[in-house]
Amino acid sequence: MNRVKTTLLLGLLTGLLLVIGQWLGGQQGLTIALIMAAGMNFFAYWFSDKMVLAMYRAREVSAEEAPELHGIVANLCQRARIPRPRVYLIPSETPNAFATGRNPEHAAVAVTEGILGILNERELAGVLGHELSHVRHRDILVSSIAATIAGAIMYLAHMAQWAAFFGGGRASEDEEGGGGGGILGLLVMAIVAPLAATLIQMAISRAREYLADEGGARLTTDPEALASALETLAYASKPVPLEGANPASAHLFIVNPLTGGSFLSLFSTHPPMGERVRRLRAMRLAY
């Protein structure tokens with residue numbers, strides 16, 4: 001169901017891009033915006049793993065340094081039939097984890113020092129199963145596609161702002177009344193388009209989280225372990241928000257590293273924790 005939802009949302013995002021691009025700048029404006037967004041996200045797709053690992057001061061650890069961690073990862077990768085990723089440790093007491101990398105052959109999983117001290121082996125396996133499911137599903141690629149389309153919409157929204165500032169541009173010329181109506185339309189488009197793109201992009205992120213929860217539970221055959229881990233992480237991470245947490249990388253983590261109280265759930269990169277736990281516990285009957 002979440003795979004279908006992701007496909008539909010990507011289609012909706014693409015449709016929004018086409019409509020806005022054609023309305024604002026015709027084929028040329030749409031092409032320019034798409035090329036610029038694709039260029040930026042191509043760079044992010046190839047180098048985002050290095051950037052985000054450096055951002056959180058993650059250090060690669062060997063099997064000798066972290067035998068339990070490497071043992072769990074190796075076992076899960078064998079089950080998933082994917083190459084073993086590099087393993088990193090983040091120097092933070094906030095319990096959290098993420099996976100990154102453009103494909104299973106170039107992946108990395110990172111956990112904080114805090115998560116190792118708060119979860120038991122079963123729960124840690126559940127968390128790592130979730131992260132390896134992201135790798136297996138190539139979620140970085142899906143996120144990059146969504147970011148490319150959303151980025152193009154943002155560029156078009158900026159074009160609308162400048163067109164309104166300089167008198168309406170293409171949209172005002174196409175309006176029968178001209179002038180004010182065109183400018184008003186451009187201003188509305190400049191506000192509504194990026195908002196809609198952001199909402200759709202966040203919805204895609206939430207759908208992928210549900211998929212990773214399901215995939216992780218199937219990989220470990222222990223949905224209760226992941227459900228228990230999520231409850232623990234949600235409770236333990238609130239009083240100790242992750243230092244240096246960035247909204248641009250928040251979607252990577254298994255639980256939102258930002259202090260979520262001030263954010264509307266509509267804009268959250270993560271589904272409601274209660275619903276994630278409920279779905280996982282509903283899977284217990286299958287095992």
*asked:* residue 24 - would you say it is modelled with pLDDT under 70 and either out of contact with any His (no Cβ under 9 Å at 6 or more places or on another chain) or not in a helix (DSSP H, G or I) (or both)?
replied: yes
*asked:* Could you check segment 81-99 and list, in sequence order, the residues that are farther than 19 Å from residue 48 by Cβ and within 20 Å of the chain's Cα centre (by Cα)?
replied: 94, 95
*Kindly provide the set of residues from segment 60-92 that are of a type outside the set (A, V, I, L, M, F, W, C), within 22 Å of residue 233 (Cα to Cα) and crowded, with 17+ Cβ neighbours inside 10 Å, ordered by number.*
88, 92
_Among the residues of segment 93-114, are any buried (at least 24 other Cβ atoms within 10 Å of the Cβ), in contact with a helix residue (DSSP H, G or I) (Cβ under 6 Å, 6 or more places away or on another chain), under 21 Å from residue 238 (Cα atoms) and of a type in the set (Val, Ile, Thr)?_
no
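The values are calculated or read from the model by the stated rules, or taken from the named source; none is laboratory data. Please read all numbers here as calculations on a predicted model, not as lab measurements. Methodologically, a virtual Cβ is constructed for each residue, glycine included, from the backbone with ideal geometry; neighbour enumeration extends over all protein chains shown.
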